[in-house]
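Single-structure report; data block below.
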């Protein structure tokens, strides 16, 4: 057998099967087996190896602003107001500096595929969006970055908002964003969705909505999923629409939830709960029986809906926590959604790997299989089912067969 460029020896890629060697050549996984030889060989002695983690929904441009101006009241309205004020003063170099800090956090925690949602609106202009385009070039070979043109402030209620989104599409946005809940009434919410579908058709791009982010599903602005399903099927966009947040789905009756899941699955709409933000901002008006605001992913997955989860915001008015670590978010998620079994741990790992890859349309080149891109992490733990329990050190982060991060931390042994 030919010598390969890199071989990871004695890797745990499945809990119930023997350890394997992973051979890499020309940025691809060339072989998975035993007795492989390589120019560079790393014996990981039974450590877990998983595909690279995927952030499906993150705001790099708004990160690390909590100490600039905190959201004292802790509400969604407060976060939008404070961030809107800050965006008016955004300077390219300053946004770039903060965004680079977060990108480096992500890589150090094993994430090398990212879908970023920069605010693209009349308040912040195209500053954040253009920073993302720069990051896409700077991190080529280290991070695969998709950029969403995202109208945080709404479209219908804000003059000039649609024109800025269209300009971003002309500049090279990868995905059409949307924020239909941030309109003045339900009719405008539907118009918002219509306009975003029009753009997606014009530029042949997928859609990714911030949607139904509220505690009151009786306000139809926070129940836009029904119209989104209708539009997806009418326009032939099955499998090309993602909805993030969806906290209102945690507040509806079981019968309505089951029906919604069935229709989402039929339209092949992806869903991305954002546990840190959703928990932090939800239920602020509840005096008792305070809602978590985080959906339980299990009935969605059982019903055939593709589910990922992501960080959303890091240390700003929307979420004053975080360090760009999806395993930490997953640990929070398993507590909030009561995901405690060994099968639940596998489900969580799928959500930030293969499910997220399907959402981003990269599943044909992604994963620990021969011929796929050599994008993977070596973790300081011995079982895949312990990944979210241990939140282990990322010992090595490999991108296209090259080590892009190596931990200098001393590994804490398993209990």
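The values are calculated or read from the model by the stated rules, or taken from the named source; none is laboratory data. Quick caveat, the model's predicted, so the values are computed rather than measured. A quick note on method: Cβ atoms are made from the backbone with ideal geometry, for glycine too, and the neighbour counts reach across all protein chains shown.
Residues checked against (1) more than 24 Å from the chain's Cα centre (by Cα); (2) surrounded by 13 or more Cβ atoms within 10 Å (Cβ to Cβ):
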position	(1), (2)
22	yes, yes
33	yes, no
36	yes, yes
41	yes, yes
49	no, yes
63	no, yes
72	yes, no
81	no, yes
85	yes, no
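Could we say that residue 321 is surrounded by fewer than 21 Cβ atoms within 10 Å (Cβ to Cβ) and out of contact with any strand residue (DSSP E or B) (no Cβ under 9 Å at 6 or more places or on another chain) here? Criteria met by residue 321. Just so you know, in the stretch 27-69 the residues that are part of a loop (DSSP other than H, G, I, E, B) and in contact with a helix residue (DSSP H, G or I) (Cβ under 8 Å, 6 or more places away or on another chain) include one that is nearest to residue 10 (Cα to Cα), and it is 60. For the stretch 306-313, does any single residue satisfy the condition of being in contact with a helix residue (DSSP H, G or I) (Cβ under 9 Å, 6 or more places away or on another chain) and either more than 16 Å from residue 55 (Cα to Cα) or in the same structural domain as residue 383 (by TED's automatic domain parsing) (or both)? Within the stretch 306-313, none of the residues are in contact with a helix residue (DSSP H, G or I) (Cβ under 9 Å, 6 or more places away or on another chain) and either more than 16 Å from residue 55 (Cα to Cα) or in the same structural domain as residue 383 (by TED's automatic domain parsing) (or both).
Close contacts from the stretch 272-296, counting a first residue that is within 17 Å of residue 321 (Cα to Cα) and not assigned by TED's automatic domain parsing to the domain that holds residue 340 and a second that is surrounded by fewer than 20 Cβ atoms within 10 Å (Cβ to Cβ) and at pLDDT below 95, with Cβ to Cβ under 8 Å and a gap of 6+ residues or different chains, come to none at all. Scan the stretch 327-338 and give yes if some residue there is farther than 27 Å from residue 257 by Cα, touching a residue at least 12 places away in the same chain (Cβ under 8 Å) and assigned by TED's automatic domain parsing to the domain that holds residue 109, otherwise no. Yes, some residue in the stretch 327-338 is farther than 27 Å from residue 257 by Cα, touching a residue at least 12 places away in the same chain (Cβ under 8 Å) and assigned by TED's automatic domain parsing to the domain that holds residue 109.
Of the residues making up the stretch 110-142, just one is crowded, with 24+ Cβ neighbours inside 10 Å, touching a strand residue (DSSP E or B) at 6+ places or on another chain (Cβ under 9 Å) and farther than 22 Å from residue 206 by Cβ, namely 110.
Out of curiosity, is residue 308 at pLDDT below 95 and either under 17 Å from the mean Cα position of the chain (by Cα) or closer than 28 Å to residue 62 by Cβ (or both)? Here the answer is no, as residue 308 does not meet what is asked. The residue of the stretch 237-259 that is nearest to residue 281 (Cα to Cα), among those that are assigned to a loop (DSSP other than H, G, I, E, B) and within 19 Å of the chain's Cα centre (by Cα), is 246. Within the stretch 143-160, being more than 21 Å from residue 58 (Cβ to Cβ) and buried (at least 22 other Cβ atoms within 10 Å of the Cβ) holds for one residue alone: 155.
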